[in-house]
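Read-outs throughout are calculated quantities, based only on the coordinates presented, and are distinct from any laboratory measurement. It should be emphasised that the depicted structure is a prediction, and the values quoted were computed from it without experimental measurement. Backbone-built Cβ (ideal geometry, glycine too); neighbour counts: all protein chains shown.
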Amino acid sequence: MPEPNLLDQEFLRKLEYLSLVSRRVFRGQLLAQRRTRQLGAGIEFADHREYAPGDDYRYLDWHIYARHEELLLKRFHEEEDLHVYILLDVSRSMVLENERKLWFAKQLAAALAYIALAEMDRVAIMAFAAEPVAEYPLTRGKGKVLSMLRFLQELAPARSATDLRRACGALVHRRAKTGVVLLISDFYDPAGFAPAVDLLRYHRHEPHLIQVYERAEAEPSFVGDVELVDCESRARDQATIDEAVLRRYREAFRRYQEQMRAYCREHGLACTQTPADVPFDRLLLEMMRRAGTVE
Amino acid sequence: MQFLAPYALVGFLLALPIVAFYILRVRLRRREVATLMFWQEAFQQRRLTAWWRRLRHLLSLLVQLMLLSLLVLAAARPLLPWEDKQRRDWSLVLDNSASMSTRTRGDSTRLERAREQARKWLSRLPEDDRIAILVTAPRPHVVCSFTTHRPTLRKALRRIAPTAAPARLRRAIALARSLTSDPQRHRVVLFSDGCAVDGQRVQPAEDLWIEPIGSAEDNVAITRLAPRRSYLDPRQLQVLIEVHNYSRSPRRITVELDLNEHPIDVMPIELAANGHWRTVQEYLTDEGGVLTARIDDGGALPADDRAWAVVPALRKLEVHLVTQGNLFLEKVFEAMANVQLSVSATLPQHIDRQAVVVFHRRVPAQLPANPTIVIDPSNDCSLWRLGGEVHQPLVATSQSSHPLMAHVRLDQVLMPQARRLTFTQPATVLASTIEGEPLYALVERTGGDVLVLSANLDESDLPLRTAFPIMMANALAWLTHQSPDGNVATPTGRLAEFPWPDGVSGQLVAVSPTGRRMRVTRIASDRGAFGPVDEVGVWSVRLANEQQGARTKRLALIAAVLDEPRESNVLATWTDKRFDSPGPPTRFGGRSTWWYLALAALALGTIEWYLYQRRWLA
């Protein structure tokens with residue numbers, strides 16, 4: 001595998017292309033171009049509610065009162081900058097046999113951040129393992145793209161385990177403004193993904209789960225007597241692996257992925273699961289296409 | 001317990017690497033994974049305990065060691081005590097003589113059926129039993145010595161070729177019996193039709209089992225073909241032909257006679273059942289070459305349907321008679337068609353070395369280095385001293401078996417006068433008086449033999465007797481090595497002898513009628529031999545270094561014929577029930593221990609593979 005470089009011209013051309021596609025074809029449907037649900041003193045009508053004493057008379061809908069003699073108050077969207085938080089997993093499991101998984105995750109993070117910055121959204125990146133290990137502060141404007149890419153480029157993998165809940169906790173406990181949280185990880189957290197995503201949801205963030213995995217992790221093929229070592233916790237397990245065990249492993253992996261998809265469906269969240277050997281730009285286009293049809 | 005291949009036990013050393021690999025294998029492979037969470041879920045349903053895993057490894061080691069032990073033991077070919085007791089050595093004697101080429105009903109010959117029978121024995125005899133294969137013709141010999149290796153034995157069986165030679169079964173059986181030092185466990189199985197020189201004298205015995213081959217078949221055979229040139233007129237070729245009908249019914253056949261492939265006679269004959277026909281025919285010819293007799297519809301055995309003989313061409317002999325005058329002598333040589341006679345009173349200065357010189361009465365003190373005949377010598381020479389006269393000698397003894405005396409009877413001949421001779425060199429007396437005085441003698445010497453007749457021809461009635469021209473014809477034939485009897489065909493199974501060609505000193509080979517080459521041995525300065533001859537037909541003697549297939553010079557021709565009535569008489573086949581053998585003995589399972597060990601190893605290997613595939617074994 002060639003030495004990964006997020007700053008080379010080829011990569012930047014791809015990012016620009018993706019940004020253009022995002023703007024022209026999937027306008028307002030991928031990330032930050034959506035409005036927040038904040039209702040307030042905007043100019044775009046949202047809906048009506050019943051008048052309550054103390055409400056501002058200026059927002060009464062006099063036309064409806066004239067027709068139906070009902071006092072209804074007009075409500076408007078309040079325009080607000082979208083905040084995009086990218087939580088990037090750099091734990092040991094992301095670089096077990098090679099750095100392809102982490103490199104793929106970095107490319108995704110870079111592309112999504114680029115698109116957001118291009119749309120004048122605010123973007124922050126947090127790299128985490130057992131806890132946050134590096135942060136790129138909240139930034140706005142396309143002029144910050146190169147420094148953001150440099151940050152991702154220089155991001156080193158951590159030796160520690162994955163703790164999704166602690167990473168998400170660190171984000172919400174800083175009382176950050178609500179926004180879209182792109183959680184890029186393999187999600188190999190013994191505590192599961194749900195507590196971390198629940199935490200984000202409770203704090204009114206919009207989580208987007210992106211699971212990156214190696215195909216060998218989904219469908220291992222080795223058999224025999226082995227001592228399995230968890231690369232993060234260093235826990236060991238001696239076992240004899242045969243075809244039946246492999247079959248059950250694959251079922252467990254698929255079940256876990258299905259749980260993630262079911263959770264996201266249930267809570268109206270976006271979920272993307274991808275092996276690390278596909279081109280990242282193709283994945284992003286697919287994500288855009290899906291977002292367009294879903295929305 | 002014994003092992004037939006104990007060196008295979010070295011294979012147990014392979015246990016060392018197996019144990020070493022076992023020790024290495026029990027240390028588990030370590031494999032780093034991204035997370036254990038899915039593995040633990042997969043293991044929840046079936047997790048092998050550590051003690052079972054260790055036991056499983058040990059069990060795997062034991063299975064492998066057991067597999068190795070079975071294979072090594074099988075390779076070492078163990079012989080259990082009861083097996084050793086039952087083990088036998090078998091000598092399979094196949095009769096491949098002329099009669100075994102008889103075609104039975106159907107297309108197979110007796111030899112092919114014998115080979116098939118022997119193959120059945122090979123497949124049924126216990127595998128630990130050692131087997132040797134012998135054949136009877138052209139002389140009994142071993143074609144495969146004792147072995148248990150069946151493919152080698154089958155190959156040896158396939159290589160056995162039919163011969164036209166007669167069989168000597170008792171010699172073959174004796175040779176088979178001599179192969180082993182333990183007669184108690186040795187058995188001889190004879191596959192034969194019994195048509196052999198000594199077939200009637202072979203009986204089954206405790207150690208001799210007989211597998212009779214074939215059934216009685218009708219056959220007609222040429223049992224004799226003997227040509228010779230007439231003693232009276234060498235241009236006359238006299239041919240003796242004898243045909244025998246070994247059939248249960250009369251036969252009508254045709255005998256054809258060819259000389260150098262040109263027909264010279266065709267004779268339709270009728271033969272009674274088990275009868276024979278004999279005739280002597282005369283043909284006028286100077287030509288020599290190969291005389292062939294053949295019969296049509298000769299029955300089941302083709303080898304005796306033809307016979308060959310080599311007829312010498314008539315060669316002019318130069319005879320020089322030195323005499324003061326004797327009409328008898330001149331006329332007797334003039335009457336011989338193959339003689340070119342010259343007469344003089346004294347020995348000429350130059351005379352051909354091959355010419356026969358005949359001295360009448362006066363001889364030189366030193367005889368010339370030519371073949372020489374001296375009649376009634378009147379003076380001494382280097383070979384004898386002349387004594388006094390012998391009056392009224394009576395011929396008391398004559399060597400009638402000597403070629404020089406063939407067909408010569410002197411007992412009624414009147415010889416009033418003869419001369420007493422004292423030889424200075426060893427001489428063979430062919431005829432002598434009662435007193436032992438030599439009348440007719442042979443002195444052998446290099447350059448040419450000398451024959452001396454001491455009788456006075458003028459006084460004797462010998463010139464008037466038929467014995468005299470025969471005597472002179474014999475003398476010329478002896479001195480020129482030209483027998484009027486021609487070359488008698490060599491019976492198959494015997495050594496063929498022939499006069500060594502003049503001026504040839506290199507190695508010679510005899511080429512059979514089918515093109516096989518056989519080495520020729522020089523058994524005397526003037527004789528060569530090869531054999532035993534195992535094909536009928538005309539063999540040719542050639543120089544060994546001449547390329548095969550090239551046009552080569554034939555230095556001598558030797559005819560070979562089947563001259564054994566008991567081989568031709570395929571009616572006399574063994575059909576007596578007492579000859580029937582009980583067949584090959586069978587043992588429990590019919591297999592040796594090594595075979596069962598190998599089978600067990602195969603089964604164990606299969607089970608191990610099955611268990612390994614299911615991870616029940618490591």
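Chain B: longest stretch without exposed GluC sites (Glu not before Pro) (DSSP loop, at most 10 other Cβ within 10 Å), sites themselves excluded?
Within chain B, the longest run free of exposed GluC sites (Glu not before Pro) spans B:1-205.
Distance from the Cα centre of the stretch B:113-192 to that of the stretch A:110-181, in angstrom?
Result: 95 Å between the Cα centres.
Place +1 on the Cβ of every Lys and Arg and -1 on the Cβ of every Asp and Glu in the stretch B:101-220, take the dipole about the Cα centre, and give the residue among B:Gln184, B:Ala164, B:Ser215 whose Cα lies farthest towards its positive end.
B:Ala164
Give the long-range amide H neighbours of B:Leu430: residues separated by 5 or more places, or on another chain, with amide H under 5 Å away, using H modelled in the peptide plane at 1.01 Å from N.
For B:Leu430, the qualifying residues are B:Tyr440, B:Ala441, B:Leu442.
5 Å is the cut-off here: which amide hydrogens, built 1.01 Å from N in the peptide plane, fall below it relative to B:Cys144, excluding neighbours closer than 5 in sequence?
Answer set, sorted by chain and number: B:Ile133.
Which residue, B:Gln425, B:Asn456, B:Leu476, has the largest displacement toward the positive end of the dipole of the stretch B:317-479 when charges sit on each Cβ (Lys, Arg +1; Asp, Glu -1)?
B:Gln425
For n ≥ 4 DSSP H runs only, could you compute -39500 (n - 2.57) per run for the protein assembly as shown, divide by its residues and tell me the 222 nm figure to the nearest 500?
Rounded to the nearest 500, it is -8500 deg cm²/dmol.
Quick check on the stretch B:376-432: take the gyration tensor over C-alpha atoms, sort the square-rooted eigenvalues as a ≥ b ≥ c, and tell me if it's rounded (a/c under 1.5), prolate or oblate.
oblate
Can you compute the FRET efficiency between B:Arg385 and B:Arg235 using 1/(1 + (r/R0)^6), with r the Cβ-Cβ distance and R0 = 45 Å? Round to the nearest 0.05.
0.60
Quick one: order B:Ile351, A:Ile86 by neighbouring beta-carbon count within 10 Å, fewest to most.
B:Ile351, A:Ile86
I need the calculated FRET efficiency for the pair B:Phe423 and B:Ser344, taking r as the beta carbon distance and R₀ as 22 Å, to the nearest 0.05.
0.25
If we sort B:181-187, B:416-422 on the protection proxy, mean other Cβ atoms within 10 Å, highest first, what's the order?
B:416-422, B:181-187
Helix B:110-124 versus the longest principal axis of chain B: what is the Cα-based angle in degrees, 0 to 90, to the nearest 10?
Helix B:110-124 sits at roughly 30 degrees to that axis.
So, R0 is 22 Å and r is the distance between the beta-carbons of B:Lys553 and B:Gln354; what FRET efficiency does that work out to, to 0.05?
According to the calculation, E is roughly 0.55.
Can you tell me which of A:262-268, B:528-534, B:164-170 comes out highest on packing, and rank the rest after it, using the mean Cβ neighbours within 10 Å?
Highest mean packing first, the order is B:164-170, B:528-534, A:262-268.
Over chain B, what is the percentage of antiparallel beta bridges among all DSSP beta bridges, to the nearest 5?
So the antiparallel bridges amount to about 70 percent of the total.
Among the Cys residues of chain A, which have no other cysteine Cβ under 4.7 angstrom away?
So far as the 4.7 Å Cβ criterion goes, A:Cys168, A:Cys231 stand without a partner in chain A.
Per-residue mean of other chain beta-carbon atoms within 10 angstrom of the beta-carbon, peptide B:296-308?
What the average comes to for B:296-308 is 0.
What average number of partner chain Cβ atoms lie no more than 10 Å from the Cβ of the residues making up A:224-234?
6
Which whole number gives the average, over all residues in A:242-255, of C-beta atoms from other chains lying within 10 Å of the residue C-beta?
Per residue, the number of nearby Cβ atoms from other chains is 4 on average.
So how many Lys-Lys pairs in the protein assembly as shown land under 29 Å Cα to Cα, not counting same-chain pairs under 8 apart?
Value for the protein assembly as shown: 18.
Under a 10 Å cutoff between Cα atoms, tell me which one of A:Thr178, A:Thr274, A:Thr240 has the largest fluctuation in the Gaussian network model of chain A.
A:Thr240
Among A:Ala127, A:Ala118, A:Ala66, whose mean-square fluctuation peaks in a Gaussian network model of chain A (Cα, cutoff 10 Å)?
For chain A, modelled as a Gaussian network with Cα springs under 10 Å, the answer is A:Ala66.
Treat every Asp and Glu Cβ in chain B as -1 and every Lys and Arg Cβ as +1, leave all other atoms uncharged, and give the resulting dipole magnitude about the Cα centre to the nearest 20 debye.
For chain B, the charge dipole is close to 5460 debye.
Taking every DSSP beta bridge with both residues inside chain A, roughly what % is antiparallel (nearest 5)?
45
Over what distance in Å are the Cα centres of the stretch B:207-231 and the stretch B:444-461 separated?
One Cα centre to the other: 45 Å.
From the square roots a ≥ b ≥ c of the eigenvalues of the alpha-carbon gyration tensor of the stretch B:119-195, which class results: rounded (a/c under 1.5), prolate (a/b over b/c), or oblate?
Since a/c reaches 1.5 but b/c is at least a/b, the shape of the stretch B:119-195 is classed as oblate.
Express as a percent, rounded to the nearest 5, the fraction of DSSP beta bridges in the protein assembly as shown (both residues included) that run antiparallel.
That works out to approximately 60 percent antiparallel.
Which one, A:Arg159, A:Arg236, A:Arg58, has the greatest fluctuation when you compute a Gaussian network model over chain A with C-alpha springs under 10 angstrom?
Top of the fluctuation ranking is A:Arg58.
Using only Cα atoms, tell me the angle between helix A:280-294 and the longest principal axis of chain A; keep it within 0 to 90° and round to the nearest 10.
Relative to chain A, helix A:280-294 is tipped by roughly 40 degrees.
Determine the shape class of the stretch B:490-561: with a ≥ b ≥ c the square roots of the Cα gyration tensor eigenvalues, call it rounded for a/c under 1.5, and otherwise prolate if a/b is greater than b/c, oblate otherwise.
It comes out oblate by the Cα gyration axes.
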